[in-house]
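The values are calculated or read from the model by the stated rules, or taken from the named source; none is laboratory data. These numbers were taken from a predicted model, which means no experiment stands behind them. Cβ placement follows ideal geometry from the backbone for every residue including glycine, while neighbour counts extend to all protein chains displayed. SASA here: full protein model, heavy atoms, side chains in, ligands and nucleic acids out. Shrake-Rupley method; radii C 1.70, N 1.55, O 1.52, S 1.80 Å.
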Amino acid sequence: MTRLLLIAAVLAVATAIGLWWRARNGRYTAVDPTVLAAADAAPDFPAATEQLGPDEIGAPLGSRATFVQLSSEVCAPCRRTHAVLETLVAEHDDLAHVDLDVTEHLDLVRRFHVLRTPTTLLLDPRGVVVGRLSGGTDRHHALAALDRLPVTSPRSTP
Amino acid sequence: MSNPQSAAAPADAPAGIDPRGPRVGAGITAVLLIVVLLLPSPASVVVLAVVVASFALGAVRGVGGTWQGAVYRRLVRPRLAAPTELEDPRPPRFAQLVGLVITGLGLLLALFGVAWAVPVAAALALVAAFLNAVFGLCLGCEMYLLGVRLRSRAA
């Protein structure tokens, strides 16, 4: 009887983990707008903010937004996320998508405190990291993230 | 715009496998692990050893090379429609390796007389196998990046 209860408890814990994981996937977390605004106003912009350049991600930035996906070899959701974002970018010429392997970009992993794959950083036209998508991302998640892109500040490049 | 140079891009990936295979296999493994938790001492160690051997097969040959993979191909797949998408075989193979480490450690400790290692290892592996079968979540794969970070810090 105790064994059956133990098994039931183990399965209940696993179910709770699974439901939590599923709800979290693809959720977009924006960088606090006050942090972005403060960094923008700082005299040493862009050094005061987290910004990525084309040389760091190995591709040109999108004129509206860039998805910087961090993936690993052992990650099945990374492949699906890759396909979703590639399709989206193919339909919009103002978007860009790069898919980087975490083992080759540990500096980015550390700098942005990435703990799981895929994690997709969302960059504004200047390359400023404005938010991130955590976990497997579908089209709906990606579009929702784009909707929350902050209005670009006057200091932005055209 | 895309970046095909990445190692994570599907371009250089090996041939895809039916993603339902590993999940069915994880379900079979989960049932075996429940049996481990239900059986008394010597019998539970024997069943755990079977699970360890299966994970070892999967870690070496990939999920398709296990007997659970064969069960899926022979009995389950003929009754299903063709898969709508194929999956890279490397993530599920890595999951087999994680399963091998957890259950293998439990078996080893049990052989050295640590009796509680069997239910603990079986329970941990059951959580992982259940999550894989029901939710398609590969726990070891989620933790892979944490491992990479730790290893590079140690180096």
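Exactly one residue out of B:ALA15, B:ALA11 is more than 9 Å from chain A (Cβ to nearest Cβ), outside any helix (DSSP H, G or I) and at pLDDT below 90: that is B:ALA15.
Report, by residue number, each residue of segment A:1-11 that is at pLDDT 80 or above and either open to solvent by 60 Å² or more (accessible area, probe 1.4 Å) or β-branched (Val, Ile, Thr) (or both). Listed by number, the residues that qualify are A:THR2, A:ARG3, A:LEU4, A:LEU5, A:LEU6, A:ILE7, A:VAL10.
Given the criteria within 14 Å of chain B (Cβ to nearest Cβ), open to solvent by 30 Å² or more (accessible area, probe 1.4 Å) and under 24 Å from B:PRO22 (Cβ atoms), does A:ARG24 qualify? Walk me through how you get there before you give the answer.
Numbers: within 14 Å of chain B (Cβ to nearest Cβ): yes; open to solvent by 30 Å² or more (accessible area, probe 1.4 Å): yes; under 24 Å from B:PRO22 (Cβ atoms): yes.
Yes, satisfied.
Please go through segment A:96-155 and give me each residue that is small (Gly, Ala, Ser) and closer than 23 Å to B:LEU137 by Cα, ordered by number. Within segment A:96-155, A:SER134, A:GLY135, A:GLY136, A:ALA142 meet the criteria. Taking (1) in contact with a strand residue (DSSP E or B) (Cβ under 7 Å, 6 or more places away or on another chain); (2) without any contact (Cβ under 8 Å) to a residue 40 or more places away in the chain in turn, A:ALA144 satisfies each apart from (2).
When the residues of segment A:62-99 are filtered to those that are part of a loop (DSSP other than H, G, I, E, B) and among the charged types (D, E, K, R), which remaining residue is farthest from A:ARG126 (Cα to Cα)? It comes out as A:GLU73.
Collect the residues in segment A:107-124 that are in a loop (DSSP other than H, G, I, E, B) and either over 24 Å from B:PRO22 (Cβ atoms) or facing chain B (nearest Cβ under 7 Å) (or both), keeping them in residue-number order.
Of segment A:107-124, the ones in a loop (DSSP other than H, G, I, E, B) are A:112-118, A:124.
Scanning segment A:107-124 gives A:PHE112, A:HIS113, A:VAL114, A:LEU115, A:ARG116, A:THR117, A:ASP124.
Is it the case, given these coordinates, that B:SER152 is within 14 Å of chain A (Cβ to nearest Cβ), buried (at least 17 other Cβ atoms within 10 Å of the Cβ) and either out of contact with any Lys or Arg (no Cβ under 9 Å at 6 or more places or on another chain) or more than 29 Å from B:ASP18 (Cβ to Cβ) (or both)? Answer is no for this residue. Name the residue, out of A:GLU104, A:GLU56, A:GLU91, that is at pLDDT below 90, within 14 Å of chain B (Cβ to nearest Cβ) and open to solvent by 40 Å² or more (accessible area, probe 1.4 Å). That would be A:GLU56, the only listed residue that is at pLDDT below 90, within 14 Å of chain B (Cβ to nearest Cβ) and open to solvent by 40 Å² or more (accessible area, probe 1.4 Å).
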